[in-house]
1. Sort out which residues of segment 107-149 are among the hydroxyl-bearing types (Ser, Thr, Tyr) and at pLDDT 95 or above, and write them in order of number.
2. Cβ-Cβ distance below 6 Å, separation of 6 or more or different chains: which pairs start in segment 70-82 with a residue that is more than 8 Å from the ligand (Cβ to nearest atom) and end on one that is part of a loop (DSSP other than H, G, I, E, B)?
3. Confirm whether residue 121 is within 23 Å of residue 8 (Cα to Cα), in contact with a Leu (Cβ under 9 Å, 6 or more places away or on another chain) and either touching a residue at least 40 places away in the same chain (Cβ under 8 Å) or outside any helix (DSSP H, G or I) (or both).
4. Of all residues in segment 83-113, which are within 16 Å of the ligand (Cβ to nearest atom), touching a residue at least 40 places away in the same chain (Cβ under 8 Å) and buried (at least 16 other Cβ atoms within 10 Å of the Cβ)?
5. Give the residue, chosen from 120, 126, that is closer than 15 Å to residue 65 by Cα and either β-branched (Val, Ile, Thr) or buried (at least 22 other Cβ atoms within 10 Å of the Cβ) (or both).
Amino acid sequence: MTTSKRIVISSDHADIPLRQTIAEHVAQQGWEVIDIGPTTPESTDYPVHGKAAAERVASGDCQLGIIVCGTGQGIMMAANKVKGIRCGVCSDTFSARMIRQHNDANMLSLGARVVGKGLALDIVDAFLAAEFEGGRHATRMEMIEPSEG
Ligand code: RB5
């Protein structure tokens, strides 16, 4: 059975336990969580995981995505290279809310070496609870990446 609330989660090796905590937290809110790993702690390349998560969102398989690396920056850059992805790094709840409300972000990136677990979960909650406001913000987002058709 599929639900309409489907979210992909990935990370590099920087903090797999944080990613798993986020996955559990989000699942408790009724999301179907697609955790695409990695599952082992060996050093791995964040571009691979950022791209893989972004492709799940860009394809429509998942509505949203959350990705984690040490700073959140590298994996965010990789995700944003995928057409249709709007991903921001957030270290505060205000930014997490605003990237949904004003930037229609479909992915959130977190720096595991920047924020602690409690703040990370608050950031996730702010991101998930916010909704795109459209209007002038839609016009601006269209300026960044025009929709097809
Ligand atoms: C890995 O050590 C680290 O470079 C990565 O997690 C991330 O911070 C890159 O932006």
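1. Taking segment 107-149 and keeping what is among the hydroxyl-bearing types (Ser, Thr, Tyr), we get 109, 139, 147.
Once the filter is applied, which keeps residues that are among the hydroxyl-bearing types (Ser, Thr, Tyr) and at pLDDT 95 or above, segment 107-149 yields 109, 139.
2. Correct list of pairs: 79/85.
3. On the way: within 23 Å of residue 8 (Cα to Cα): yes; in contact with a Leu (Cβ under 9 Å, 6 or more places away or on another chain): no; either touching a residue at least 40 places away in the same chain (Cβ under 8 Å) or outside any helix (DSSP H, G or I) (or both): yes.
So residue 121 fails the test.
4. Residues of segment 83-113 within 16 Å of the ligand (Cβ to nearest atom): 87-91, 107-113.
Filter again for touching a residue at least 40 places away in the same chain (Cβ under 8 Å), leaving 107-113.
107, 108, 109, 110, 111, 112 - these are the residues of segment 83-113 that are within 16 Å of the ligand (Cβ to nearest atom), touching a residue at least 40 places away in the same chain (Cβ under 8 Å) and buried (at least 16 other Cβ atoms within 10 Å of the Cβ).
5. Values: 126 fails: either β-branched (Val, Ile, Thr) or buried (at least 22 other Cβ atoms within 10 Å of the Cβ) (or both).
Of the residues listed, the single one that is closer than 15 Å to residue 65 by Cα and either β-branched (Val, Ile, Thr) or buried (at least 22 other Cβ atoms within 10 Å of the Cβ) (or both) is 120.
The values are calculated or read from the model by the stated rules, or taken from the named source; none is laboratory data. Everything numeric here is computed off the predicted structure, so don't read it as measured data. Neighbour counts run over all protein chains shown; Cβ positions are idealised from the backbone, glycine included.
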